[in-house]
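Visitor: Mind having a look at this structure? Questions to follow.
FYI, it's all coordinate maths here, none of it is from the lab. Because the structure is a prediction, the values reported are computed rather than measured. Here Cβ is always computed from backbone atoms with ideal geometry, including for glycine, and neighbour counts include all displayed protein chains.
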Amino acid sequence: MTWFGVSRSVRDPPDTRLLAIANRESRIVLTRDRGFGELVYAERRTALGVILVRLKARNQWERLALLRARWREIEANMPGSFIVVMNDRLRIRPIQPRFGNLSQLDLSK
């Protein structure tokens, strides 16, 4: 699997653009931004996979150790899932494939 991450900066690209780049490059998004849930489920945008990190930790090293402890289970459910990583559990939801314009499908076969 190929992962896609972006660090925070003054000029953060919008989440919709990051998701489009990840899709174009067949990457999975690893983020702490809850806005990706809105994009995938409320706006029904396409995503190969999203990992939302919601870990409570004293520092980035502790957060990394907690994430690493869950990594096998995360990998086993990718691609095709929206995974929320919390201290005590993972919440895993499938991402339903989205189809473009259904009128363009050839249903005669």
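Visitor: With r defined as the distance between the Cβ atoms of Asn23 and Arg58 and R0 fixed at 41 Å, what FRET efficiency is calculated, to the nearest 0.05?
Guide: About 0.75, to the nearest 0.05.
Visitor: Compute the Rg/Rh shape ratio of the stretch 52-96: radius of gyration over Kirkwood radius, all on alpha-carbon atoms.
Guide: Using only Cα positions, Rg/Rh for the stretch 52-96 is 0.99.
Visitor: How far, in nm, would the chain grow between Leu67 and Arg44 when pulled straight, counting 0.36 nm per residue and subtracting the alpha carbon separation?
Guide: Contour length minus Cα-Cα distance gives 5.6 nm.
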